[in-house]
Amino acid sequence: MPEETKKYKLKGIELADYSESTYRLEAPPYLPSKKAQEIITNVWTRFTEMRTNRDLNYRWFGKTRDGTYRNLIQYINICEKRWNSDGIPRTELEEWQASVFKPETRNKVIAILSAVAQQRPRMKFKGVEKSDYLREQILKDLYDWSENKDDGDEMALYTMLDSIVHGTAIRYEGYEDCRKVIKEITEDSGNYDEIQFKEKTIIEKKLTTKDVRIQDFYFGNMSIRRMEDQTDCVWRRLVRISDFKREFAGWPESKYVIPGGDLTDETFFASVASEDVKEQGSELVEVLRYYNKDADEFVILANGVWVNPIKTKVSPIPFSHKQLPFYSVFFEPFAIDFPYGKALPDKMLNEQDAINALYNMILDQGYVSVHKPLVTGDEDALDDIDLIPGKVNYIGADVANIHELQISPPSPAHFSILQMLQSSIEQTTVDSVQQGQTGEAGTATEVRQAAAAASRQFLLFLQFVFHGYKRQAKLRVSNILQFMTSPVEIEKMLGDNGEEDFREAFQVFKVEDTQLMNGKNGTRVIEMVGDEKELEQKYNNRLKEREELEPLGVEKVYITPEYIRNWQYDVEPIPGSTINETEEIQQALEVQFQQQVLTLYPDMVNRESLFDEFLRVFKKDPRNIKLAPGQPNPMMMQQQQGGGGIAGQIVNRATGGRQNNLGGSSSLNQLNPR
């Protein structure tokens, strides 16, 4: 018997040939209510309005070769081509002709990035009404802790790179969590068949900053520059259906989502999905995240399916700050009423293309000047001549009638023009010395000074970086107070009467290399407790705990979540914090500072604190160097006995000999009055 053809059933009709994916067969029919359809349609209509306005041609993006203004996508393309050393191609070339892209743009981008983007911007926090040192330090520590957990330095590097290359960098500032139930083996557990355990629910919390491609973001108003002033926006992402199912696993409405290739005209989704998603065989899902801060609405559409309804209502923005959860960084501004910035490849566009054209012409001329063409008046004289060294060629004409065509090599004028173009680029960006290349700077100090000049040259760019990261810090700290001050563990235990009891546990934050309450740098451990009663219990053993931790450079702080939740604060970027000096320079600056402060203010200096800071900068273990309390200092004793020695020389050098001029013996104690 012939094998029976497999039948597919769609809408009650059996089909022998079914070209669509199995996702559509497995997905239940999506039948949104009339209200849900209205919400989906409104969000889609708003998105298409934003997309239409975003994709218009704007004069800020410059003109194409045919004289028309570019749109955003065209602007991004020309910038990325120059950044990737892939500019205007030379067409219809002979095999011997050069097609070289001189990577001036890429070199300058890397030079600027190296000068100003060595680490993420640092922030400090201060009270709005009055200063509170402990609260300010705790907020700073929590912010730094979250940034370190989220690889904040790397994200800052790519944010600044993105803004230099595209003119604008946009980032999403959000929160993710994952709830797990784990079973911990108890200490009194027996053998394998007698295992005893207790269940614990763990909530893995993560504050995260995510890259947002500039071409995937849609501003609600193209005439508003500041992200803070935008009312609504859309973040669009294209993902594969398999990735979507993993990302939205557990979301009830995600089961209705089918890939773009299955969005045929008879489905509800056909009118609420983009054309580039609905291509035949497409496995893409178009995920639209719509935020509206005035209406406090957050809607997710995935190929037309409303993924995040709360029963029949629209979800609010899930952050207590109620702002659009995005921040932006410009390289240079275009205008006061335009939400995009000017990119460095755009600034260098004309010079880069001219350098490429001239560079290739110089190479072509140099090639033909070396391999000179041969000319003759005899028609068949040069047929089948092989110009290989040592090769004997037989020609059917008089050799005297064959001549080399004299073509001059590239002239100094060509290189002068090339140098002029490169000088123009250096005026726009940084010169070779500021890049750290060999040149007029003959020493490492001169190169460092030139690099510092380069960083000063881009102070405007750094100001835009600080503006963007100030907003980022406000969004992140608000998320810290909302999400990270709640319990992360819920432990189920059995009480004395056999009833189930639940105990909550908060996360412990450990922040290294931070300023402690005693003014020294060390490690602060921040532990949150549930209420005032538990806080009092923690502080009962405070003195003993402090005695144990203080010699280790550790400070432990207990607080309730309310201690920082309701406190009004402001954020201020620390100028110059993106530039990280080398260890050698930090050490030299520390020595210079200590010499100056001992010279100018010898009677006001705490030498022990200076010594601790000196050891920290030079990364020395104080336990191996510092005198223990009560241990006599032989150098001090020698000086007090009038021997002077090295200690006397130090005092004499620090005070300029003033103490000896007064007739008294030099003493280090005089520099540390009690």
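The values are calculated or read from the model by the stated rules, or taken from the named source; none is laboratory data. Note that the structure is a prediction, hence the values are computed from the model and not measured. All Cβ positions, even for glycine, are placed from backbone atoms using ideal geometry, and neighbour counts span all protein chains on display. Remember, those area values only see protein heavy atoms, side chains included, never the ligands or the DNA or RNA. Shrake-Rupley method; radii C 1.70, N 1.55, O 1.52, S 1.80 Å.
For the range 617-624, what does the Karplus curve 6.51 cos²θ - 1.76 cosθ + 1.60, with θ = phi - 60°, yield as ³J(HN,Hα) per residue in whole Hz, taken in order and with x for Gly and Pro?
5, 8, 6, 10, 7, x, 5, 8
Within 10 Å, Cβ to Cβ, of T485, how many net charges do the neighbouring residues add up to if Lys/Arg are +1 and Asp/Glu are -1? Let's see the in-between values first.
Values: positive: R565; negative: E562.
Around T485, the surrounding residues sum to 0.
With a 1.4 Å probe and all protein chains in place, put I195, I585, I564 in order of accessible area, largest first. Don't skip to the end; give the middle numbers.
Details: I195 75, I585 40, I564 0 Å².
The ranking, largest first, comes out as I195, I585, I564.
Over 30 Å between Cα atoms, which of K210/K245; K556/K619; K81/K278; K81/K322; K180/K311 qualify? Write out the running numbers ahead of the final one.
On the way: K210/K245 20 Å; K556/K619 23 Å; K81/K278 28 Å; K81/K322 38 Å; K180/K311 25 Å.
Flagged as over cut-off: K81/K322.
For the ranges 214-227, 527-540, 109-122, what's the packing order if you count other beta-carbon atoms within 10 Å of each residue, average per peptide, and put the highest first?
On the way: 214-227: 17.6, 527-540: 13.6, 109-122: 19.9.
Going from most to least packed, we get 109-122, 214-227, 527-540.
What do you reckon, how do L374, L139, L358 stack up by accessible area (1.4 Å probe), largest on top?
Numbers: L374 65, L139 0, L358 25 Å².
Ranking L374, L139, L358 by accessible area, largest first, yields L374, L358, L139.
Which of the peptides 362-369, 93-100, 275-282 is most tightly packed, and how do the rest follow, going by the mean number of other Cβ atoms within 10 Å of each residue? Don't skip to the answer; put the middle values down first.
Numbers: 362-369: 15.5, 93-100: 10.5, 275-282: 13.5.
So the peptides 362-369, 93-100, 275-282, ranked by packing, come out 362-369, 275-282, 93-100.
How charged is the neighbourhood of I224? Take every other residue with its Cβ under 14 Å from the Cβ of I224, and add Lys/Arg as +1 and Asp/Glu as -1. Mind dumping the intermediate values first?
Values: positive: R54, R225, R226, K293; negative: E228, D229, D232, D294, D337.
Once positives and negatives cancel, what remains is -1.
Provide the net charge surrounding E351, with neighbours chosen by a C-beta distance below 11 Å and charges set as Lys +1, Arg +1, Asp -1, Glu -1. All intermediate terms of the calculation are to be shown ahead of the outcome.
Values: positive: R82, K102, K108, K347; negative: E104, D353, E426.
Value of the local net charge: +1.
Taking the dipole about the Cα centre of the range 319-375, with the C-beta of Lys and Arg at +1 and of Asp and Glu at -1, give me whichever of I362, P345, F326 is farthest to the positive side.
Checked the options; the winner is F326.
So what's the gap between the Cα centers of the range 545-614 and the range 206-220, to the nearest angstrom?
Going from one Cα centre to the other spans 35 Å.
Just to confirm my numbers, what's the Cα centroid distance between the range 107-140 and the range 141-204 in Å?
Spelled out, the Cα-based centre of one part sits 22 Å from the other.
From Cα pairs below 8 angstrom and at least 6 apart in sequence, can you work out the relative contact order of the range 210-282, rounded to a whole percent?
Working: 50 pairs, mean separation 15.6, N = 73.
It rounds to 21 percent for the range 210-282.
Report the gain in length on full extension from R90 to R51: 0.36 nm times residue separation, minus Cα-Cα distance, nm rounded to one decimal.
Net length gain for the segment: 10.6 nm.
For K149, K81, write out the residues from largest to smallest accessible area, computed with a 1.4 angstrom probe and no ligands counted.
Most to least solvent-accessible, the answer reads K149, K81.
Probe of 1.4 angstrom, ligands and nucleic acids ignored: what's the accessible area per residue over the range 223-274, in square angstrom?
Numbers: 2340 Å² over 52 residues.
Counting only protein heavy atoms, the per-residue value for the range 223-274 is 45 Å².
Whole-Hz ³J(HN,Hα) for each residue in the range 514-521, computed from phi via Karplus 6.51 cos²θ - 1.76 cosθ + 1.60 with θ = phi - 60°, x for glycine and proline: what do you get?
Couplings: 10, 7, 8, 5, 7, x, 8, 8 Hz.
Output wanted: per-residue J couplings in Hz (rounded whole) for the range 116-125, from phi through Karplus 6.51 cos²θ - 1.76 cosθ + 1.60, θ = phi - 60°, x for Gly and Pro.
Residue by residue, the range 116-125 yields 10, 10, 7, 7, 5, x, 8, 10, 10, 10 Hz.
Under 19 Å from a point placed 7 Å out from the Cα of K124 along the Cα-to-Cβ direction: which residues of the range 555-591 have their backbone N that close?
Under cut-off, by backbone N: 568-581, 590.
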